[in-house]
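The values are calculated or read from the model by the stated rules, or taken from the named source; none is laboratory data. These figures come from a predicted structure and were not determined experimentally. Here Cβ is always computed from backbone atoms with ideal geometry, including for glycine, and neighbour counts include all displayed protein chains.
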Amino acid sequence: MNKRKVVKQNVGLDISKDDFKICYYHQYEDFKQVIKGTRRFKNTLTAFREFLKWVDKRSSTDVLVRITLEATGVYYEQLVHFLKDKTDYHISVVLPNKSKSFAKSYNIKTKTDSVDAKILGIMGLERDLKAWQPPSPKLFTIKQLSRDRIALTEEKVALMNKLHALNHSFEPNNSVIKRMTIRLKLIKKQLMQVETELKKAVKKDPELSERIDKVCKVKGLGFITVATIIAETNGFELFTSRAQLTSYAGYDVVENQSGSSVRGKQRISKKGNRFIRRALHFPALSARKYEPQFKNLYERVLERTAIKMKACVAVQRKLLLLIYTLFTKNIAYDPNYQN
């Protein structure tokens, strides 16, 4: 009896902070898909080498090995960079909403590490997924700097609130106030340093700098906001549609409705990148004042819902999609475009 020929092989990989679960599939000429092995590895450099040996023992030498995994926080980054450097595997990093939609097509409702690995394993066999490319060193640096700035800003606000409360308390201790004031000055100084480094990092890439300048023509959008969003989305590298970007940022609308008895309110999922939503909060408040199209959007949503926050979120979402369009098409903002 002739041995069946393997035509495709894929490793579905579900990763978390501490470990990752894998499910290795072979697909044969008759389109039959067979699991060749499952295992859990630690999310460490030593385990990565173990993982490569485990895959090599089970792989068909004349067929390209594919790896499919989700972009979950930062936990996948070390592994994909390791695989990119050490192997010639076809690595595909998919957005969580993409794999979730694929699971729905199979009517799979259970969500565990093992099930997710199986779904990603099948997905890599059945879909022609784009090969992952590492972010440019400049974007990676900008992302680290922008997140450092966010952490410093949050620390500054918390310290200012504590200092305000202490100053208005009964008989405040002067030495405590002095130490808090010194810390606050240091944080403000570090914030200025980070912003200077951010600007220098962007200026090193003339094309990136030019694209960001074009987006900043929108009233309310400043350099820091745009640079943060470009870095958090890796220059929109993984996105092929506005819907994917909306879901990634957590601006997709979810409903809680069943029959005639359960009618929950619509709300955004918030299951996405919080750094993007945070970066767009204050720019949305400015844009609704100074940009006619955003002002009209805000007023329409406010009139329909009577909820200011919903109107603000609608403006944030539209701002994000506008940044996506301007940056990917490399065009400057024209306030009269719609007219």
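Residues in the range 291-299: is at least one touching a Leu at 6+ places or on another chain (Cβ under 6 Å) and either modelled with pLDDT of 90 or more or surrounded by fewer than 18 Cβ atoms within 10 Å (Cβ to Cβ) (or both)? No, the range 291-299 contains no residue that is touching a Leu at 6+ places or on another chain (Cβ under 6 Å) and either modelled with pLDDT of 90 or more or surrounded by fewer than 18 Cβ atoms within 10 Å (Cβ to Cβ) (or both). Restricting the range 313-336 to residues that are surrounded by fewer than 18 Cβ atoms within 10 Å (Cβ to Cβ) and hydrophobic (A, V, I, L, M, F, W, C) leaves a set whose member that is modelled with the highest pLDDT is Leu321.
Each row is one residue, and each column tells you yes or no for (1) of a type in the set (A, V, I, L, M, F, W, C); (2) closer than 17 Å to Thr225 by Cβ; (3) outside the structural domain of Glu77 (by TED's automatic domain parsing); (4) not in a helix (DSSP H, G or I).
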| position | (1), (2), (3), (4) |
| --- | --- |
| Asp148 | no, yes, yes, no |
| Ala158 | yes, no, yes, no |
| Ala165 | yes, no, yes, no |
| Glu171 | no, no, yes, yes |
| Glu195 | no, yes, yes, no |
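So is Leu120 surrounded by 13 or more Cβ atoms within 10 Å (Cβ to Cβ) and either in a helix (DSSP H, G or I) or in contact with a Pro (Cβ under 7 Å, 6 or more places away or on another chain) (or both) or not? The answer is yes for Leu120. The conditions are (1) at pLDDT 90 or above; (2) not in a helix (DSSP H, G or I), and Lys214 fails exactly one of them. Which is it? Failing condition for Lys214: (2).
Which of the numbered conditions does Ser247 fail, given that it passes all the others? Conditions: (1) under 12 Å from Leu139 (Cα atoms); (2) modelled with pLDDT under 90; (3) of a type outside the set (A, V, I, L, M, F, W, C). Unmet for Ser247, out of (1) under 12 Å from Leu139 (Cα atoms); (2) modelled with pLDDT under 90; (3) of a type outside the set (A, V, I, L, M, F, W, C): (1). The set of residues from the range 1-44 being over 23 Å from Leu129 (Cα atoms) and among the aromatic types (Phe, Trp, Tyr) comprises just one member, Phe41.
Against the conditions (1) within 21 Å of the chain's Cα centre (by Cα); (2) in contact (Cβ under 8 Å) with a residue 40 or more places away in the chain, Gln78 satisfies every one except (2).
Okay, residues lined up against (1) touching a helix residue (DSSP H, G or I) at 6+ places or on another chain (Cβ under 6 Å); (2) within 12 Å of Leu139 (Cβ to Cβ); (3) not basic (Lys, Arg):
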{"position": "Val194", "(1), (2), (3)": "yes, no, yes"}
{"position": "Lys199", "(1), (2), (3)": "no, no, no"}
{"position": "Asp213", "(1), (2), (3)": "no, no, yes"}
{"position": "Lys217", "(1), (2), (3)": "no, no, no"}
{"position": "Gly222", "(1), (2), (3)": "no, no, yes"}
{"position": "Glu232", "(1), (2), (3)": "yes, yes, yes"}
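Residues of the range 15-38 include at least one that is of a type in the set (Asp, Glu), loosely packed, with under 14 Cβ neighbours inside 10 Å and either within 24 Å of the chain's Cα centre (by Cα) or more than 20 Å from Gly124 (Cα to Cα) (or both).
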